[in-house]
Amino acid sequence: MGQGFLIDTNILVYYYEGLIPVDAVQELDEIFRQSFDISIISKIEFLGWPKYDEEQYQKACLFIEGANVISLSEEIVTTAIRIRREKSIKLPDAVIAATCLANNFTLVTRNQKDFKDINRLKIYNPFKTTPPNRSEASEDVDK
């Protein structure tokens with residue numbers, strides 16, 4: 001498989017609701033087919049949304065069933081702690097960033113500002129940037 005991607009919760013929601021920009025749908029479809037990786041944090045956030053009725057919740061569960069959920073490892077925990085000590089960042093975002101760094105994933109998110117200034121973190125924002133070249137490094141957060 002090529003480059004790995006970690007899909008942030010906001011992209012899960014936009015994709016699930018069919019709200020991805022038309023020019024990014026094909027690339028996101030490919031990412032979901034080849035690298036449907038999410039953090040345990042995103043699974044909790046996505047399925048824990050309180051406005052789902054029972055039918056919507058069951059459909060969301062079926063959708064997320066296809067994901068590879070990355071659990072917390074000691075490396076992710078240690079990296080998240082380091083990030084939190086160095087940056088002003090919410091715990092869920094620190095865990096998501098740490099998951100990317102520990103697994104050499106590019107983060108697929110619309111919320112670039114939440115992850116600013118995290119060294120070595122690569123980001124693809126399908127609402128803003130061109131698709132990443134799978135054979136090269138993706139856009140760095142600092143850009």
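Since every read-out is calculated from the coordinates, none of them should be taken as a lab result. All values reported here derive from a predicted model rather than from experimental measurement. Glycine gets a Cβ as well: all are built from the backbone with ideal geometry, and neighbour counts include every protein chain shown.
Were the residues from L19 through E74 laid out at 0.36 nm apart, the gain over their Cα-Cα distance would be 16.3 nm. Near L107, the amide H atoms lying under 5 Å from its own belong to L6, K122, I123, Y124; only residues 5 or more places off or on other chains count, and H is placed 1.01 Å from N.
Each residue, Q34 and D117, gets one label point 7 Å from its Cα in the Cβ direction; the gap between the two is 3.4 nm.
Every helix of 4 or more DSSP H residues in the chain counts as -39500 (n - 2.57), and over all residues that averages to -14000 deg cm²/dmol at 222 nm.
Count Lys and Arg as plus one, Asp and Glu as minus one, and take only other residues whose Cβ is under 12 Å from that of S39; the net charge is then -3. Quick one: Cα centre-to-centre distance for segment 7-61 and segment 91-121, in angstrom? Cα centres, segment 7-61 to segment 91-121: 17 Å. Listed values for segment 49-64 are Karplus-derived 3J(HN,Hα) couplings in whole Hz (6.51 cos²θ - 1.76 cosθ + 1.60, θ = phi - 60°), namely 4, x, 8, 5, 7, 4, 5, 4, 4, 4, 5, 5, 4, 5, 4, 6, and x replaces Gly and Pro.
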